[in-house]
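Since every read-out is calculated from the coordinates, none of them should be taken as a lab result. Because the structure is predicted, anything quoted here is derived from the model rather than measured. Positions of Cβ are backbone-derived with ideal geometry, glycine not excepted, and every protein chain shown enters the neighbour counts.
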Amino acid sequence: MQFILMILLSAMVQYFLPWWSVMIIPFAISAWKGESGGGAFWNGFLSTALLWFCMAYYEHLRSGGILTARMSETFQNIGTIGLLTLTTWSGALLAGFASMSGYYCRQAILPKVKTDSEKAKDYW
Amino acid sequence: MKKAVLSVALTAGLLWALGTSFRPIPALGAFLSPFSGFWSNERRIQLLDSEVHLPGVQGDVFVRYDDNRVPHIFATNDHDLYYAQGYVTARDRLFQMDLTIRSASGRLSEIVGEQALPLDLYKRRTGSMKAAEDSWRFVQQDEKIRSVMEAYSDGINAYLKNLRPADYPVEYKMLGFEPEAWTPEKSMLLMVEMTHTLASPKDGDAAMTNLLQKFGIEVLKDLYPDYADRESPIIPKGTRWNFRRKAIPRQPKGYDELTAAVAEPTDWPQRVEGIGSNNWAISGKKSATGLPILAGDPHLGLTLPSIWYQVQLATPESNAYGVSLPGAPCVIIGFNHDVAWSVTNVAADVSDLYAIRFKDASRQEYWYNELWNKTTFRAEEIKIKGKPSVIDTVAYTHHGPVALPRYPEDKKPSLALKWIAHEPGNPIKTFYMLNRSRNYDDYVRSLSHYVGPAQNFVFASNQDDIAIWVNGKFPLKWDEQGKYLLDGTKPEYDWQGWIPHEQNPHVKNPSRGFVSSANQSPTDQSYPYYLHWRFAPANRAIRINERLEAMERATPDSMRALQNDTYNVLARDLLPTLLEDIDFGDLNANQYSAYTALKQWDYEYTLASVEATIFEKWIDNLPFFVWDEFKSDSKKPIQLPQDDQLWHLILKKPESKWFDLKATPEVKETKSDIVRLSFRATIDSLHRQYGTYSSKNWAWGNVKGSTIAHLIPPLKAFGRTGVKAGGGADVPNAYRGKWGPSWRMVVALGKEGPTAYGIYPGGQSGNPGSPYYDNMVNAWSRGELKELVYLKSLEENNGKVLSTLKITKE
């Protein structure tokens, strides 16, 4: 649920704000709903990876990839796949860390104390 | 808590890394984001019908795009026409327009940093911005042109207003800066920039003065004459001048004030030798159609995007088609229903340097006409990316800006620049009127408003008139005024008036049935006024005139063939004499192969020609063997005699003392020795550079340049390499590496409207992600032309029209 929400809201925010807005939604959602540091990281990372990859690939496909080819040449011939990978990783890493920060910041300010049943669930 | 700090720190570090540009790599975050980075530039290809609402239009405007992405703009009035031209041009060429203006105004350092400072200083000190401001003030007195230029500017700004950063052209994203609002002043600045390109302030005045001091006037008269030996002038020899000539100022005595050695600054951009163009028109009696055919191919720097942008501009009153300069309204080279025109450069002497004597280091007063005169100052702030600004205060005398300031510790005089770009003019009025001309008289009226850069305007109409005017505002000079530095302290050295426009060299319907120009001398020696001591070598002109002379029942394809002609008349006239001196007994294998090849050469500069490679390198080397006395012993610039002078010595004065080499006082070399020496040296250097003689290694196509670079050459991926086409500087197809035919046009006039063809080595879109970015390059290199879609009305049904953009009032 958090994952889907992250993708949808993040896409909307990034359409209107500059590129660094990629951090906003993962941070906010993990601060609100995040359950663990690692979980928050992967939510941010994977949602943004999927979003950036699909968007970039879509733009590439619908234009015949002329510009991708020229850009690849500028980036020492890393190729379309290389550019897509570089793009995906850049966005995903930043979003992942932002998301993790969201969770830990919330924990530092307003720690969520786990109930016994949650602890048991974690244990099992 | 600790985890929170660590995690935020990690995020911040990554944000910094992705947000910082490590030149030349742009800041990766913004650049790679599929929402705002380069990926989204791929989608800026609009092929479908669409509609936009803009605040500035008065009625509906329809822009029909053809299969070459040429906009055909149909508006109900002039205001909407030029508003829409601004809008669609910006949509395709925004970055180019912006960059050209930043470069022209001396503001490149702002975006690329300190490395551009010398160029910026040059632009400031030659007064580009002031020239544009003065011209715009002048143009505003003309209500019509003022409104045309404002509408064009508003159209560009309407496009900018709705542009999101994600939609900025990709170059902005790579270099990390933002587009800027347009003004009519910027359009005027573009005209000044064209004057920089075509009538550069660096005209060799200081270099010539150094020569004068070294060799004396007699040698200069002999080797630097004011008229070339091999010439085929634009106005046919023997044409009579039907006017009463104005009184020409008297030449003052002596240049004795100028004994101090002077140099043009080494960081001024080099003047490009032989930058030029061809154009011609044949009359109905020479054409298959019975009406004139006009052809034009301006040679300029070849870049992507191209300097030209095709457009059709139609209102109920006018309908012109041709190429425009992105950043200026109207069609610059083109045609309408009744007439066609094209231009080539006139290299008249319209920039002179004056030696200035300041009273003291404050530069507040300078000596002129036996008085101390006040200078004015203009502070130029040059912003530099990542560094504090540089303030350069430029002093202005009545001559013009002090383009080359010197300071007290330096004994040399400061040099002020008198330059045609500072003469306020209204060039857009000329083009506005040409776009609407219906006959010869309209054309001449249009030309009378033109100041500079002077052009040879060739003309043809469907009333079977052809004509050519050597057109521009020319200073009235004494013979050789401005060949050397001028004394800035005496009024008799000033420009003292102008040649009346109606006395500019021109000819209408000459008996030979054609008019033509290729940057050669405008006239024979009978023209009463001094224009310059040198013009481009006449080789292209001689070939074109020979071919046109021979033509009968010519078609547009005959014109196309001549534009692509690669026959070198210089080789024909010179090479047999050179080869007579080669003694093939002395030659090694490479030299012998080269010699045999040259013996059988047809003088064509085709891609496969080995002979073209050898001849070209040979005549490049020859001057250094003959003019060894001119080798500069210091940093002073030296101007070698024109090549034509060398051919004159070889063909007619083999006994000349200049053939003797200075380095070997004990031997007296003759012409034959020099020819042999230079031949062997040429072949040996070709051998070192390209390997053993073979039809592949030494093929002209492999040796000459074949790159069309992006406006910012380091962006290699946005340029084209391997553009293979024959040609050379001295043949009609003047393609040589970075320079060449930037637009080829052929227009067959007709009573029912013209049939026209054209092509340029580029594409209409400035977006490197568009298929229309470089789609014409291949056809251009094969020498093909595309039939131009000239729509007679908005409703005309034409299969080549793919989509329509409708602009309506917001």
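Counting just the Cα atoms, what span does region A:2-110 cover along each of its three principal axes? Round to the nearest Å and put the largest first.
Extents along the principal axes, in whole Å: 50, 24, 20.
Once every DSSP H run of n ≥ 4 in the protein assembly as shown is given -39500 (n - 2.57) and the sum is divided by its residues, what mean residue ellipticity at 222 nm do you get, rounded to the nearest 500 deg cm²/dmol?
Calculated at 222 nm, the ellipticity per residue is -11500 deg cm²/dmol.
With each pseudo-label sitting 7 Å past Cα toward Cβ, what's the B:Glu178-A:Leu5 distance in nm, one decimal?
3.4
Over chain B, what is the relative contact order in whole percent, taking alpha-carbon pairs under 8 Å and six or more residues apart?
20
If neighbour count is taken as other Cβ atoms inside 10 Å, put B:His398, B:His53 in order from fewest to most.
With the sparsest Cβ surroundings first, the list reads B:His53, B:His398.
Per residue, how big is the convex hull around the C-alpha atoms of the protein assembly as shown? Give it to me in cubic angstrom, could you?
209
Could you give the nm distance between label points at A:Phe16 and B:Ile391, where each point is 7 Å from its Cα heading toward the beta carbon?
Taking the simple label geometry, A:Phe16 and B:Ile391 are separated by 4.4 nm.
Give me the distance between the Cα centres of region B:129-193 and region B:646-692, rounded to whole Å.
53
How long is the gain from B:Leu163 to B:Lys374 if the chain were fully straight, where each residue apart is worth 0.36 nm and the alpha carbon distance is subtracted?
Full extension from B:Leu163 to B:Lys374 adds 71.2 nm.
Setting aside same-chain residues fewer than 8 positions from B:Lys477, which lysines have a Cα under 23 Å from its Cα?
B:Lys202, B:Lys221, B:Lys237, B:Lys246, B:Lys253, B:Lys418, B:Lys490
Calculate the translational D of region B:631-695 in whole µm² s⁻¹ from Stokes-Einstein, where the hydrodynamic radius comes from the Kirkwood formula applied to all Cα pairs, the temperature is 4 °C and the viscosity 1.567 mPa s.
D, rounded to a whole number, is 91 µm²/s.
Between region B:438-473 and region B:229-245, what is the C-alpha centre distance in whole Å?
For region B:438-473 versus region B:229-245, the Cα centre distance is 17 Å.
Say a paramagnetic label sat at a point 7 Å from the Cα of B:Thr664, along Cα to Cβ; which residues of region B:683-705 have their backbone N under 18 Å from it?
Hits in region B:683-705 for B:Thr664 at 18 Å: B:683-685.
Gain in length, B:Glu580 to B:Trp627, computed as 0.36 nm per residue apart minus the alpha-carbon separation, to one decimal in nm?
14.8 nm
In what order do B:Glu546, B:Glu51 fall by count of nearby beta-carbon atoms within 10 Å, going from fewest to most?
B:Glu51, B:Glu546
Quote the FRET efficiency, to the nearest 0.05, computed for B:Glu218 versus B:Leu651 with a Förster distance R0 of 25 Å and r equal to the Cβ-Cβ distance.
That pair, B:Glu218 with B:Leu651, gives E of 0.65.
Only Cα pairs within less than 10 Å get springs; with that Gaussian network setup on chain A, which residue of A:Leu67, A:Leu50, A:Leu94 has the largest fluctuation?
Comparing A:Leu67, A:Leu50, A:Leu94 in a Gaussian network model of chain A, the most mobile one is A:Leu67.
In what order do B:Ser803, B:Ser461, A:Ser99 fall by count of nearby beta-carbon atoms within 10 Å, going from fewest to most?
Lowest count first: B:Ser803, B:Ser461, A:Ser99.
Please list log₁₀ I(q)/I(0) at q = 0.10, 0.16, 0.19 Å⁻¹ for region B:569-703, using the Debye equation with identical point scatterers on the alpha-carbon positions.
With no solvent term, the Cα-only Debye profile gives -0.34, -0.85, -1.14.
Expected output is a single nm value to one decimal: the length gained when fully extending between B:Gln600 and B:Glu492, i.e. 0.36 nm times separation in residues minus the C-alpha distance. What is it?
33.3 nm
Show which lysines lie in cross-link reach of B:Lys668 when reach means a straight Cα distance below 23 angstrom and same-chain residues fewer than eight apart are skipped.
B:Lys214, B:Lys631, B:Lys652, B:Lys653, B:Lys657
Divide, for region B:1-85, the radius of gyration over alpha carbons by 2.2 N^0.38 Å, where N is the residue count.
1.92
Suppose we keep just the alpha-carbon trace of region B:665-770; what are its Rg and Dmax in angstrom?
Rg, Dmax (Cα atoms, Å): 21.1, 74.
What number in nm² do you get for chain B if you take the convex hull of its Cα atoms and divide its surface by four?
Average of the hull's projected areas for chain B equals 40.2 nm².
Considering only chain B, what is the antiparallel percent among its DSSP beta bridges, to the nearest 5?
If we restrict to bridges inside chain B, about 85 percent are antiparallel.
Which lysines have a Cα lying under 18 Å from the Cα of B:Lys738, excluding residues fewer than 8 positions away in the same chain?
B:Lys738 reaches B:Lys617, B:Lys704, B:Lys716, B:Lys724.
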